[in-house]
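Below is one structure, written out as structure tokens, with a few remarks after it.
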There are 2 protein chains.
Amino acid sequence: MTDTSRNNSAEEIAGQIMTGDRNALSRTITLIESSKPEHLEKAHRILDICLQNRADSLRIGITGPPGAGKSSLIETLGLEILKDSRNMLAVLTIDPSSKRSGGSILGDKSRMERLSGNKAVFIRPSPSSGHLGGTSPRTHEVIRLCESAGYNIILVETVGVGQSEISVESMVDYILLLMLPGSGDELQGIKRGIMETADGIALTKTDEALPKSLASSKASCESALKLLPKKHRLWNPKVMLTSAMTGRGIEEVWNDILQFAAMLRENELFEPARKKQLSQLLRTQVDLQLKDAFYNHPDIISAFAATAAAVEENTISPFTGAKQLIEKIIRSPR
Amino acid sequence: MTDTSRNNSAEEIAGQIMTGDRNALSRTITLIESSKPEHLEKAHRILDICLQNRADSLRIGITGPPGAGKSSLIETLGLEILKDSRNMLAVLTIDPSSKRSGGSILGDKSRMERLSGNKAVFIRPSPSSGHLGGTSPRTHEVIRLCESAGYNIILVETVGVGQSEISVESMVDYILLLMLPGSGDELQGIKRGIMETADGIALTKTDEALPKSLASSKASCESALKLLPKKHRLWNPKVMLTSAMTGRGIEEVWNDILQFAAMLRENELFEPARKKQLSQLLRTQVDLQLKDAFYNHPDIISAFAATAAAVEENTISPFTGAKQLIEKIIRSPR
């Protein structure tokens, strides 16, 4: 970040983002990912201004276990998406340096090189630190910024470990689950909870699999889907056979996503779903910021050690200790 | 609860508990489990007075999947514990009416009848509502009240599902994991995380198993234990063969628990472990009470809907919405 950019006001930077300035977008994402309060404050002032610029976007979560071929599928799907020249594509990938991502170092060097040169594409690795699955409340803010910069298709890559505090489900419209077809036990490694959130399933690397094992993998996924509660009353998730190598099934996946979005819009479910997500994100933010406000409050910092000691010495119960501390910082009702 | 007891002061009730009055103990546990703020407040005043009465106790968690025979083992182990006439035993069981406990109705009727008549035994089902695994911060408070009433051995039953927000690990000294010996795949249903917390493993209902399958079950548990990180540097968890029916291995289990406690005490690890638990429980209470204080604050109740609407309409970000709300109720530093 140059000195000039640092001195730009939130209003100026927001204006740059809304005219599609990729550098301004990148710098603001860096501010959002920062741990410094002054960076975060500026980032959120920028974000609040950018919110007035609402792109009509489609957000797609791409999830699946390590090794399922997420990067390759995203690249091929991205090229399919760009066949419609009106589309501007933002790809939020998992930072390959993140320990938990399971991405291979060799594979990451050449990640998505067919997309990265394209001017209609913005690729950004999100640090997944502290958030299993690679999404955090900040991922949602990055999505919003990309939309303000004019990107109307957002692909969000996550590791489908199903334990992330803030699930990708609360940020995207459609979730595509990637699975490697195998010996019939491909469902073993997939948590039931992840399958329940999928709006479509893509079996990947089908060029490497035998036709017979492909058919049985597809059948076992389909019967598993039938056993699960339906996510949307009006939608039946499909199991699609894909190959990033040969291009098989990629158009089918994109059409499935478009049909899903059309179904949501026709039934006036699109906006209510987005609103519900925002309301969930508000509650998540309340939880996070309450803890922050508590542990960083000067009155707590000066009192916590003594209260913890009294609790540890059994002079007061943990309940009473917490109550006494909280009463120090909560204002009386006006 | 009679009118008289309701009018008794916290000081009077605490005095009754500390002289071993079982009715006063039961009534106070009911207050602790209540959702009414005035009940909770009184319960915690009683608890804080009772904390001055510190019994030299041993707390044992009994965990395992449904069907592993927890009730029967607890009953037989309880009788073994009571052979030492100095022992007073409190048993906190999972409320069989709880949906998630998986306890059979038939089995529950006759649960622990050989213990329930004994004057040195206090049995109390804990409602596990809202807390998978059957422990909640309130379970810890019930343990402390039982100790104040003179019970020096506390058995806490939990369903070892490994997803409980507040793990039994933060409340007990020794965790006994019960497993049904089987066809060699008995580890399938057991989450790695639960095995890591065990200080001892009891294979149950061995009278019903073939010697050969018992030996292989024991061997596979032992090799699994070797692969896991050690919980205590100075302790190797044992796999013990037990039967509540024949009494096999019950004395061995109790001796194992006593040896473990002696190991902790000799190495001056007992008190530090208890203190660490209390400090964790303080943080858990802070989290719970902060959320309560927020959502029940009159200023939040009157402002929340408008903020949520602004967030849902994309006028402000979830971050800013949460920040504005929290600032309403956090006092400035003094």
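Here are the numbers for this structure:
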read-out	value
Residue tally, condition buried (at least 17 other Cβ atoms within 10 Å of the Cβ) and part of a helix (DSSP H, G or I), over the stretch B:289-300	5
Hits in the stretch B:264-282 - residues which are facing another protein chain (nearest Cβ under 8 Å) and buried (at least 19 other Cβ atoms within 10 Å of the Cβ)	B:Leu278, B:Leu281, B:Leu282
Members of the stretch B:192-249 found to be farther than 18 Å from B:Glu169 by Cα and β-branched (Val, Ile, Thr), listed by number	B:Thr204, B:Thr206, B:Val239, B:Thr242, B:Thr246
Single residue of the stretch B:233-258 satisfying the filter (under 14 Å from B:Ala202 (Cβ atoms) and of a type in the set (D, E, K, R)) that is surrounded by the fewest Cβ atoms within 10 Å (Cβ to Cβ)	B:Glu251
Output for the stretch A:303-334, where each listed residue is modelled with pLDDT under 95 and hydroxyl-bearing (Ser, Thr, Tyr)	A:Thr315, A:Ser317, A:Thr320, A:Ser332
Enumeration of residues in the stretch A:308-334 that are polar (S, T, N, Q) and more than 18 Å from B:Met171 (Cα to Cα)	A:Gln324, A:Ser332
Candidates B:Arg45, B:Arg22, B:Arg59 - the one that is touching a residue at least 24 places away in the same chain (Cβ under 8 Å), under 30 Å from A:Val311 (Cβ atoms), touching a Phe, Trp or Tyr at 6+ places or on another chain (Cβ under 8 Å) and surrounded by fewer than 20 Cβ atoms within 10 Å (Cβ to Cβ)	B:Arg22
Single residue of the stretch B:305-325 satisfying the filter (hydrophobic (A, V, I, L, M, F, W, C), in contact with a helix residue (DSSP H, G or I) (Cβ under 7 Å, 6 or more places away or on another chain) and surrounded by fewer than 19 Cβ atoms within 10 Å (Cβ to Cβ)) that is farthest from the other protein chains (Cβ to nearest Cβ)	B:Ala310
Subset of the stretch A:292-304 (residues that are in contact with a Leu (Cβ under 9 Å, 6 or more places away or on another chain) and either more than 7 Å from chain B (Cβ to nearest Cβ) or of a type in the set (Asp, Glu) (or both))	A:Asp299, A:Ile300, A:Ala303, A:Phe304
Where A:Ala209 falls short, out of the listed (1) surrounded by fewer than 15 Cβ atoms within 10 Å (Cβ to Cβ); (2) modelled with pLDDT of 85 or more	(1)
Of all residues in the stretch A:25-42 being farther than 22 Å from A:Asn152 by Cβ and small (Gly, Ala, Ser), the one that is surrounded by the most Cβ atoms within 10 Å (Cβ to Cβ)	A:Ser34
Tabulated pairs, the stretch A:271-289, first touching a residue at least 40 places away in the same chain (Cβ under 8 Å), second surrounded by fewer than 16 Cβ atoms within 10 Å (Cβ to Cβ), C-beta under 8 angstrom, 6+ apart or interchain	A:Thr284/A:Glu165
Conditions (1) basic (Lys, Arg); (2) more than 28 Å from the chain's Cα centre (by Cα); (3) surrounded by 13 or more Cβ atoms within 10 Å (Cβ to Cβ): number failed by A:Arg334	(3)
Pick from the stretch B:182-206, criterion of a type in the set (A, V, I, L, M, F, W, C) and modelled with pLDDT under 90, ranking: nearest to the chain's Cα centre (by Cα)	B:Ile194
Evaluation of B:Glu12 against (1) out of contact with any Ser or Thr (no Cβ under 6 Å at 6 or more places or on another chain); (2) assigned to a helix (DSSP H, G or I); (3) surrounded by 15 or more Cβ atoms within 10 Å (Cβ to Cβ) (one fails), failing number	(3)
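The values are calculated or read from the model by the stated rules, or taken from the named source; none is laboratory data. In this text the structure is predicted, and so the values were computed from the model without any measurement. A quick note on method: Cβ atoms are made from the backbone with ideal geometry, for glycine too, and the neighbour counts reach across all protein chains shown.
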